[in-house]
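The values are calculated or read from the model by the stated rules, or taken from the named source; none is laboratory data. Being a predicted model, the structure only gives us computed values, none of them experimental. Every residue, glycine as well, gets a Cβ built from its backbone with ideal geometry; the counts of neighbours run over all protein chains shown. Remember, those area values only see protein heavy atoms, side chains included, never the ligands or the DNA or RNA. Shrake-Rupley method; radii C 1.70, N 1.55, O 1.52, S 1.80 Å.
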Amino acid sequence: MHHLGYNVEHFRDRDPEGFINGTPRSNDLDVFTQNATTIVNEIKANASGADVTEFARSVTLYERQTGKTVNQKILFAVTIKRQAIEQAKELGIVVTIGFYDF
């Protein structure tokens, strides 16, 4: 599907070793591509530090599984803790916030 010039896809693969959170599960991500640019996003109602870590690990696993480089990681959150915002910055994740939960 194409929106605003981006190809939009839902990526889904397995995480059999539990890289993301210690438990085998699926790796599900929304991926936007345009030319050589790849953007991955995650949407959360209430984002915690654990959510930030899992998102970063999901992107790393995506890169390993596909051989593609992610140029930007975006986390959309309705509410998020200050600590999770700082953690996201350290991991190179852009955070878009509805409300701060300090």
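Would you be able to tell me the number of residues in region 60-87 that are in contact with a Gly (Cβ under 9 Å, 6 or more places away or on another chain) and small (G, A, S)?
Summing the residues that are in contact with a Gly (Cβ under 9 Å, 6 or more places away or on another chain) and small (G, A, S) in region 60-87 gives 2.
Kindly check whether there is at least one residue in region 67-77 that is free of Cβ contacts under 8 Å to residues at least 24 places away in the same chain, within 23 Å of S26 (Cβ to Cβ) and not polar (S, T, N, Q).
Yes, that holds for at least one residue.
Where in the chain are the strands (runs of 3 or more DSSP E), entirely inside, with at least 2 residues that are open to solvent by 70 Å² or more (accessible area, probe 1.4 Å)?
6-15, 37-47, 72-81, 93-101
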